1. Taking the condition within 14 Å of chain A (Cβ to nearest Cβ), closer than 30 Å to A:E54 by Cβ and buried (at least 18 other Cβ atoms within 10 Å of the Cβ), does B:Y32 pass?
2. Just one of A:L88, A:L81, A:L11, A:L30 is under 30 Å from B:T5 (Cβ atoms) and of a type in the set (A, V, I, L, M, F, W, C); which is it?
3. Under the condition of being under 18 Å from A:Y50 (Cα atoms) and β-branched (V, I, T), which residue from the range A:1-33 is surrounded by the fewest Cβ atoms within 10 Å (Cβ to Cβ)?
4. Has the range A:41-61 got any residue that is small (G, A, S), within 14 Å of another protein chain (Cβ to nearest Cβ), more than 25 Å from A:W96 (Cβ to Cβ) and touching a Gly at 6+ places or on another chain (Cβ under 9 Å)?
5. List, please: which pairs have Cβ atoms under 6 Å, are six or more places apart or on different chains, and start with a residue in the range B:54-65 that is of a type outside the set (S, T, Y) and end with one that is part of a loop (DSSP other than H, G, I, E, B)?
6. Looking at the range B:29-53 only, could you name the residues that are among the basic types (K, R) and free of Cβ contacts under 8 Å to residues at least 24 places away in the same chain?
7. Identify, please: which residue in the range A:65-113 is of a type in the set (F, W, Y) and either out of contact with any Gly (no Cβ under 7 Å at 6 or more places or on another chain) or surrounded by fewer than 18 Cβ atoms within 10 Å (Cβ to Cβ) (or both) and is, among those, farthest from the other protein chains (Cβ to nearest Cβ)?
Amino acid sequence: DSGVTQTPKHLITATGQRVTLRCSPRSGDLSVYWYQQSLDQGLQFLIQYYNGEERAKGNILERFSAQQFPDLHSELNLSSLELGDSALYFCASSVWDREDEQYFGPGTRLTVT
Amino acid sequence: AQKVTQAQTEISVVEKEDVTLDCVYETRDTTYYLFWYKQPPSGELVFLIRRNSFDEQNEISGRYSWNFQKSTSSFNFTITASQVVDSAVYFCALSGYNFNKFYFGSGTKLNVKP
């Protein structure tokens, strides 16, 4: 158990809908990272937050947004969902910034029908 | 352009064999980071190592070792005396100093048979 929790574990929704994925980092970790893993695109880095502020942005679509709250948990919002958004979404956390070892959550499997 | 190539799609070995997973990268940055991650059949991702471009020293952690060679743009991963529990997909990744440029390889599936 990495200490990083993600909810929900599974999510099935329809095209055009909006969903929110939640991540709680390990206690004391300030950084949260979001990744997407799909059959088509493989693994992709989406975005990183550090102590509430956006730190780095990867291949995140404009339809997607994220934030990190004062209690350091993070949410990834996916809107106007398309079939191609079906993927496993991982969250990871680290104590400080990208120099640190990352601990991954179990992932949220999103299925868009 | 930045790119990570893991040419070995799948490797099968018998337990106790040594195995090397290849990773070749392309970047024009002078400062960058290289990573290895493991994804066992259960699906979770596990961070294995991060290396910065200024540190070419090889790293050893138990049965795992990493060989970073800037001259050949490679960051290879060797498992010594492989075990069935090493069966997983292994991903190599590259990021610029700023995580904005972060690329994963396509992964190498390692099957370790008893």
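Read the figures in this text as sums done on the coordinates, not as results from a lab. Note that the structure is predicted; figures quoted are calculated from it, not measured. Cβ coordinates were reconstructed from backbone atoms using ideal geometry, including for glycine residues, and neighbour counts include every protein chain displayed.
1. Considered against the rule, which asks whether it is within 14 Å of chain A (Cβ to nearest Cβ), closer than 30 Å to A:E54 by Cβ and buried (at least 18 other Cβ atoms within 10 Å of the Cβ), B:Y32 comes out as yes.
2. Result of the check over A:L88, A:L81, A:L11, A:L30: A:L88.
3. Here the residue is A:T5.
4. Yes: one or more hits.
5. Correct list of pairs: B:R63/B:T80; B:R63/B:A81.
6. Kept after step one, since they are among the basic types (K, R), are these residues of the range B:29-53: B:38, B:50-51.
Within the range B:29-53, just B:R50 meets the criteria.
7. A:F69
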